[in-house]
Every structure is written in C-alpha cells, then in structure tokens.
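Structure record follows, encoded as structure tokens.
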C-alpha cells in the first residue's frame, strides 16, 4: 500500500503554540495534499501537540549534501564574533 | 413542553447504542488497517464515537435514576435490548464498506448534533457541542476517501459500488422517527427530521458526484434495529464487546 508513486512521502511540520515556529515532527505516506493533511492531523496531533500543520512533499525538499558538510559548516566554527554575545544589553530591554 | 422522561431515555439510548456499536466496529480495524496512517485514524474516530456513547449512557443512567452506570448499558444488556440502527452493526467487510458506513452515519449525525446543540435539553446540548466537531471531521475523512476510491482504479470503484449496494438500504433507519423521537422533537430536545434529511441528501450527493458514484433507489429498505431486531452479525459483535464484563463481572481498570 506504500507504493511510492501512489502514496508518496510527506514531511510534517507542527506549530505547538501561536508565536512559535513550525517544527518538523515526522513523515507519512499519502496520495495527495488533502489526504496528507488529514493523516498529519490524525497521526501527529492526537495529544494536543499543536494548532497548525504544514505538510510538504518530501521530494520537494532540497537538502544539503552530507559530502559538503565540511565546507558548509566547519568555517563557522571559529567565528565566535558572529554570536551576539559581546554587547551589553540595557536592563530595560528585558529578556531577549 | 418537557419530554416524557421514559421517551427521552429511549432516544438517548438509541443514539448511544448507534455510537457504541459503530465505534466498536471501527475499532476492529486497529492493527489491521491497510496503511499505518489509517491504523491511527480509524481508532481515533472509534474513540470519538465510544466517548460520545459514554456521555450519552451516563445521561440515560442519570435520567433513569435506578443506580445503573454507563457500563450497565454498554456491557450488560441482551442483544434484543440494544436499539442501534442496523447500519452501524454491519460488518466492516473491506475499507470501502467501512468508509461508506462512517460517512452515511456522520452525514446524518452532523446536522442532528447541530440541532441538538441549539435544543432545549442542556445536557444533550453540551454533549452535542463536542460531538459536532468530532463528527464534522469524520465526514471529511470518510468523504475524501470515498471520492478517491469511487474515482480511483477499476477495483476501488467496484468496491465502492459493492459497498453502496450493500449498505444504502440500511440508511433509511437513520432518518426514521418513532414515537419516542417524535416526543423529543416536540419538546425541542432533538431537531425536526425534514431539514436533516435534506442536509443528509445534499452531503451524500455532493460526495457521490465528486466520486462518480450514483445514489441508488431503494425498493426494500432494511430496518428493525430500533425495535431490537438485529442482524445475525450483531450477536458475534456483542460476544466480543461484552466478553470482559461477562467473564470478570465488575472488572475495573
């Protein structure tokens, strides 16, 4: 029943609360967008996990190539000045 | 005019039985669904239905005030004492039959609950507020499948047509108004049937048109459940449903 041409893979993103971001929670098989949305609701929101769902066809996602990991990610390792931790934040600003 | 309590109990138990038996049938799919996604969806919906039956049985027990609980209604009656319509006890047969059965029932219950929600009985109205949302989703879920199966492959269309032939004759009983229901309509606890029938027809026609299916003419409608006259399959269903309470009376968990 999971013939990938009839039932392609979809990735599911759930937003737990208003104001938060959608987070990837898992995947499922479904024939089309409507059915994917229903299945996502049934599979991933049974325990009040969220109030908004995105489904995306897995084949539409462009992923970085693990072979390029070194050149993609290593150069950031020694650039601590990119973290906004060298500023004094006035108390009035509160929590950031 | 408040409904005669006897008749109100009769109607509440009818609706509760419909939900318990349909929910039990649907739960039979747990672990056997054609795909994992449906293996969660169907028991989800079964739990909605069983949950609604619990609320209704509790209300019936309270109205009756004989010290009975929801369990006495659900597990300790004989087959002839259940007054569910025949549609809900029909065997699952295949996925097409199951989705169609859910769809027929949900298409009736959705406008019914909307009417009850605005009705004169506060307890029923409260139950209806929750049930309306749950059953609204059941229409959508089953409806989308019917469209895809009816307008799918040769085999899926054939299975949908077999399901319609087998189950459509049982749908009339959903819309039947007996003396008890009439009394509850007069009291305003449950809605008039004519507008519900219109909405039921519209829901069925809409989905069947999209699914390239035809609503059949029924010459010999099947009925009898409301009077306790059930089909042969019902005994087997009750055997399984009641097993725990019959074997270990009073068992709790």
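The values are calculated or read from the model by the stated rules, or taken from the named source; none is laboratory data. Keep in mind it's a predicted model, so treat the numbers as computed, not measured. In this analysis, Cβ positions are derived from the backbone assuming ideal geometry, glycine residues included, and neighbour counts consider all displayed protein chains.
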Exercise for review: For residue B:43, state whether it is surrounded by fewer than 22 Cβ atoms within 10 Å (Cβ to Cβ), in contact with a helix residue (DSSP H, G or I) (Cβ under 8 Å, 6 or more places away or on another chain) and modelled with pLDDT of 95 or more.
Suggested key: yes
Review point. In region A:28-44, which residues are touching a strand residue (DSSP E or B) at 6+ places or on another chain (Cβ under 7 Å) and more than 7 Å from chain B (Cβ to nearest Cβ)?
Key: A:33, A:36, A:37, A:40, A:41, A:44
Check your understanding: Among the candidates B:165, B:144, which residue alone is assigned to a helix (DSSP H, G or I) and surrounded by fewer than 15 Cβ atoms within 10 Å (Cβ to Cβ)?
Key -> B:165
Point to revise | residue A:67 modelled with pLDDT under 95, over 18 Å from residue B:38 (Cα atoms) and within 14 Å of chain B (Cβ to nearest Cβ) | key: no
Point to revise | Restricting region B:175-195 to residues that are part of a helix (DSSP H, G or I) and over 17 Å from residue B:128 (Cα atoms), the residue that is nearest to the chain's Cα centre (by Cα) | key: B:175
Check your understanding: What number of residues within region B:212-239 satisfy the criterion of being free of Cβ contacts under 8 Å to residues at least 60 places away in the same chain, under 24 Å from residue B:76 (Cα atoms) and surrounded by 11 or more Cβ atoms within 10 Å (Cβ to Cβ)?
Key -> 2
Exercise for review: Find the helices (runs of 4 or more DSSP H) located wholly in region B:21-98 whose residues include 3 or more that are over 15 Å from residue B:242 (Cα atoms), more than 18 Å from the chain's Cα centre (by Cα) and away from every other protein chain (no Cβ under 14 Å), and list them.
Suggested key: B:36-64
Review point. Would it be correct to say that residue B:203 is over 18 Å from the mean Cα position of the chain (by Cα) and in a helix (DSSP H, G or I)?
Key: no
Review point. Quick one: would you say residue A:78 is exposed (fewer than 12 other Cβ atoms within 10 Å of the Cβ) and either within 18 Å of the chain's Cα centre (by Cα) or within 14 Å of another protein chain (Cβ to nearest Cβ) (or both)?
Key: no
Review point. Before we move on, is residue B:106 in contact (Cβ under 8 Å) with a residue 40 or more places away in the chain and assigned to a helix (DSSP H, G or I)?
Key: no
**Study point:** Single unsatisfied condition, residue A:49 versus (1) in contact (Cβ under 8 Å) with a residue 24 or more places away in the chain; (2) within 14 Å of chain B (Cβ to nearest Cβ); (3) surrounded by 15 or more Cβ atoms within 10 Å (Cβ to Cβ)
**Key:** (3)
Check your understanding: Does residue A:67 satisfy being free of Cβ contacts under 8 Å to residues at least 60 places away in the same chain, over 26 Å from residue B:146 (Cβ atoms) and touching a helix residue (DSSP H, G or I) at 6+ places or on another chain (Cβ under 6 Å)?
Key -> no
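Look at residue B:159 and say whether it is surrounded by 12 or more Cβ atoms within 10 Å (Cβ to Cβ) and closer than 19 Å to residue B:87 by Cβ.
Numbers: surrounded by 12 or more Cβ atoms within 10 Å (Cβ to Cβ): yes; closer than 19 Å to residue B:87 by Cβ: yes.
When the stated conditions are applied, residue B:159 passes them.
To keep it simple, each residue is scored yes or no on (1) within 14 Å of chain A (Cβ to nearest Cβ); (2) within 30 Å of residue B:78 (Cβ to Cβ).
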residue: B:136; (1), (2): yes, no
residue: B:141; (1), (2): yes, no
residue: B:149; (1), (2): yes, no
residue: B:156; (1), (2): yes, no
residue: B:160; (1), (2): no, no
residue: B:166; (1), (2): no, yes
residue: B:173; (1), (2): no, yes
residue: B:199; (1), (2): no, no
residue: B:203; (1), (2): no, no
